[in-house]
Amino acid sequence: MNRRPSLPGAAELFRLTSAAPAPEVSSDEVTPQQRRGSGRTKHTTKITVYVSDEELLALEQARLVLRGSHSLAVDRGRVVREAIAIVLDDLEMHGDASLLVRRLREQ
């Protein structure tokens, strides 16, 4: 059975994201607007995402770290929406060098 490698923790994901050098951007180029997760709003569209037990535990641990260490009381959905916004921004800004492209190519 194929077993996927474990996902990095929040600190490792941040390190991987911030370690990628940003491409040179001239001052006359337009940079994309930073996305934000939708936060605490009524959501009208739903998707179902299946995760492993380890991924769910890591998500819950991240939520607890945000609450305990950073005084941010957020639910798992909010964490996921913010993570999606971050990854999509990185993809738009860095394209082929984005963390998402690099990780998907590793699979």
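So for segment 39-81, taking the charge dipole from beta-carbon charges (+1 Lys/Arg, -1 Asp/Glu), which of Tyr50, Val79, Ala62 sits furthest toward the positive end? The Cα lying farthest towards the positive end belongs to Val79. Taking the Cα centre of each part, how many Å lie between segment 63-83 and segment 88-107? Computed from Cα coordinates, the inter-centre distance equals 23 Å. So what does log10 I(q)/I(0) come out to for segment 49-92 at q = 0.15 Å⁻¹, using the Debye formula with one equal point on every Cα and no solvent? Cα-only, vacuum Debye calculation for segment 49-92: -0.42.
Since every read-out is calculated from the coordinates, none of them should be taken as a lab result. All values derive from a computational prediction rather than experimental measurement. In this analysis, Cβ positions are derived from the backbone assuming ideal geometry, glycine residues included, and neighbour counts consider all displayed protein chains.
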